[in-house]
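Scroll down for the structure; my scribbles are underneath it.
The values are calculated or read from the model by the stated rules, or taken from the named source; none is laboratory data. None of the values given here were measured: they were computed from a predicted structure. Here the Cβ positions follow ideal geometry from the backbone for every residue, glycine too, while neighbour counts run over all protein chains shown. Remember, those area values only see protein heavy atoms, side chains included, never the ligands or the DNA or RNA. Shrake-Rupley method; radii C 1.70, N 1.55, O 1.52, S 1.80 Å.
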Amino acid sequence: MREFYQLLKGEFLKQRKSFIWTIALLTPILAAGLTFFNLFIRYDYLMTLEVNKGASSWNVLLGQHHFIWFLLFSLVVTIFASMVHYIEYKSNSWKSALALPVSRNKVYLAKWTIVYILSIIMILFNGILLVIVGKLLGFHEAVDLVLILKYTLYQIAAITSLISVQCFISAEISNTNIPLAIGSVGVASSIFFAQSESLSKLIPYAHIIYSLPDPTINNNITLQYGLSLGIAFLVIGIFFFNRKEIC
């Protein structure tokens, strides 16, 4: 456990001077800002729509925010995965990293974990900003903490599969542009995959779409397949990383 902690600490130190932290903070702010202006201008109209009848202001806020957020968030996660692995290729330090008296499993898991931690930080910050947006808009209802907590937990489950897939691709391919391109195409296509629940179950890029707590959305896709495929691709990633030849 101590070895893994040291590896994880090292991963954070490697990213200390990168713009990864700036992206992690600015992305939720951008998404929250766009949502604020959207509801500030269109709130009365949105509340009159048939689809929103009986919905609280917080439900409407999350519904409008989600389809801005899931695109930005998913794209940023692919960037995180690429940057965390590319730093080793860029500096030719894979041999040094793997020469340490620790298993390759822990090296790979440390990189996966830092991406996961950064993603969770973004999710939590996003939740805080949603509360602030609701307060600024003057919602009459009390803050729906249960709704926001569900949204937070569903996102953490959903993003697991995307992180595992992108870390696997990023670890296997030294050219960072290829993992980024694959991730971008996957995220952009996710809304089309989401038209079919059966297909979405097997597409990690689509799981985040199902993280919105809404009666019309099957959150089980997020909870069951986001986590199970996330673990499966993590195991696959570790398996291939153990057999990877480092030049």
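Figure legend. Inter-residue proximity from region 220-236: first residues free of Cβ contacts under 8 Å to residues at least 40 places away in the same chain, second residues open to solvent by 40 Å² or more (accessible area, probe 1.4 Å) and basic (Lys, Arg), beta-carbon distance below 9 Å, spacing 6+ or different chains. Indicated pairs: Ile221/Lys201; Gln224/Lys201. Of all residues in region 176-219, those satisfying the criterion of being of a type in the set (S, T, N, Q) and either buried (at least 20 other Cβ atoms within 10 Å of the Cβ) or touching a helix residue (DSSP H, G or I) at 6+ places or on another chain (Cβ under 8 Å) (or both) are Thr176, Ser184, Ser189, Ser190, Ser200, Ser211, Asn218, Asn219.
All conditions in (1) surrounded by fewer than 21 Cβ atoms within 10 Å (Cβ to Cβ); (2) at pLDDT 90 or above; (3) charged (D, E, K, R) hold for Lys90, with the sole exception of (2). Only one entry of Leu129, Leu124 meets the criterion of being hydrophobic (A, V, I, L, M, F, W, C), open to solvent by less than 70 Å² (accessible area, probe 1.4 Å) and at pLDDT 95 or above, and that entry is Leu129.
Is it true that Gly54 is surrounded by fewer than 17 Cβ atoms within 10 Å (Cβ to Cβ) and outside any helix (DSSP H, G or I)? Answer is yes for this residue. For first residues located in region 177-192 and under 16 Å from Cys167 (Cα atoms), partners that are among the polar types (S, T, N, Q) and lie 6+ apart or on another chain with Cβ distances below 6 Å form the pairs Pro179/Ser82; Pro179/Ser170; Leu180/Ser82; Gly183/Thr78; Gly183/Gln166; Val187/Ser74.
Do we find a residue being within 18 Å of Ile68 (Cβ to Cβ), among the β-branched types (Val, Ile, Thr) and part of a helix (DSSP H, G or I) anywhere in region 168-181?
Looking for residues that are within 18 Å of Ile68 (Cβ to Cβ), among the β-branched types (Val, Ile, Thr) and part of a helix (DSSP H, G or I), one finds none in region 168-181, hence no.
Pairs are defined by a Cβ separation below 6 Å, a sequence spacing of at least 6 or placement on different chains, a first member in region 40-56 that is closer than 17 Å to Leu136 by Cβ, and a second member that is open to solvent by less than 60 Å² (accessible area, probe 1.4 Å) and modelled with pLDDT of 90 or more; the pairs so defined are Leu46/Val60.
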